Amino acid sequence: MVEEAQHRFPIRVFYEDTDMAGIVYYANYLRYIERARSDWVREIGIDQLDMKSRGVVFAVRSLSADYLTPACFDDVLEVRTRVTALRPARMVMHQQVCRGETLLFAADVTIVCIGEGGKPVRMPAKLRSLPISKAG
């Protein structure tokens, strides 16, 4: 579902997502937010396979994350994604993983658009026209 400025993506925690303590292994939060970003890009009409065939891809440039409260096996989570900054070849997204209204994980992710040889290129037009929202 795409709202005006926020995308919501459901996740269920599988046993394979957990560590020996029975909580979600920390690296899996990065997988969850990646899945949400990919789903969001698809929903706004950007075909990443087509982009790749033209030599253009998205890449994570930087990421800052806070692990606040653990998730456990069989929890139903939601990844909430907002664009908080947008420049011609870069965007910053604030992503949260929540269980109900409880915030478990938050990250600010800088995504760049690169072409041949890793050089920056402009973001697709569908992204450049998106509304920007405040993080939080």
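Laid out as a table, the results:
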{"item": "Segment 1-47-segment 72-89 distance, computed between alpha-carbon centres (Å)", "result": "7 Å"}
{"item": "Coil-residue chymotrypsin sites (Phe, Trp or Tyr not before Pro) of segment 65-136, DSSP, other Cβ within 10 Å capped at 14", "result": "Phe73"}
{"item": "Loop trypsin sites (Lys or Arg not before Pro), segment 20-118, which have at most 15 other Cβ atoms in a 10 Å radius of their Cβ (DSSP)", "result": "Arg54"}
{"item": "In degrees, nearest ten, helix 26-43 long axis to first principal axis of the chain (Cα)", "result": "50 degrees"}
{"item": "Residue with peak Gaussian network fluctuation, the chain [Cα springs, cutoff 10 Å], from Val57, Val109, Val97", "result": "Val57"}
{"item": "Portion, in percent, of the accessible area of segment 38-128 that falls on carbon or sulfur, probe 1.4 Å", "result": "51 percent"}
{"item": "Label-point gap, in nm, between Ala21 and Asp108 - each point 7 angstrom along Cα→Cβ", "result": "2.6 nm"}
{"item": "Rounded to whole Hz, the Karplus (6.51, -1.76, 1.60) HN-Hα couplings of segment 81-92, x for glycine and proline", "result": "10, 10, 8, 10, 7, 9, 10, x, 10, 8, 9, 10"}
{"item": "By accessible area with a 1.4 Å probe, ligands and nucleic acids excluded, highest first: order of Leu49, Leu103, Leu127, Leu68", "result": "Leu49, Leu68, Leu103, Leu127"}
{"item": "Neighbour count of at most 15 Cβ within 10 Å plus DSSP loop: longest GluC sites (Glu not before Pro)-free window in the chain", "result": "5-100"}
{"item": "Estimated Rh, segment 57-136: Kirkwood, alpha-carbon pairs, angstrom", "result": "13.8 Å"}
{"item": "Per residue value of the accessible surface for segment 25-136 (all protein chains in place, 1.4 Å probe), Å²", "result": "55 Å²"}
{"item": "Of the chymotrypsin sites (Phe, Trp or Tyr not before Pro) in segment 10-54, those whose Cβ has at most 15 other Cβ within 10 Å and which sit in DSSP loop", "result": "Phe14, Tyr25"}
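The values are calculated or read from the model by the stated rules, or taken from the named source; none is laboratory data. Only a predicted model underlies this, so the values are computations on that prediction, with no experimental measurement involved. Every residue, glycine as well, gets a Cβ built from its backbone with ideal geometry; the counts of neighbours run over all protein chains shown. Remember, those area values only see protein heavy atoms, side chains included, never the ligands or the DNA or RNA. Shrake-Rupley method; radii C 1.70, N 1.55, O 1.52, S 1.80 Å.
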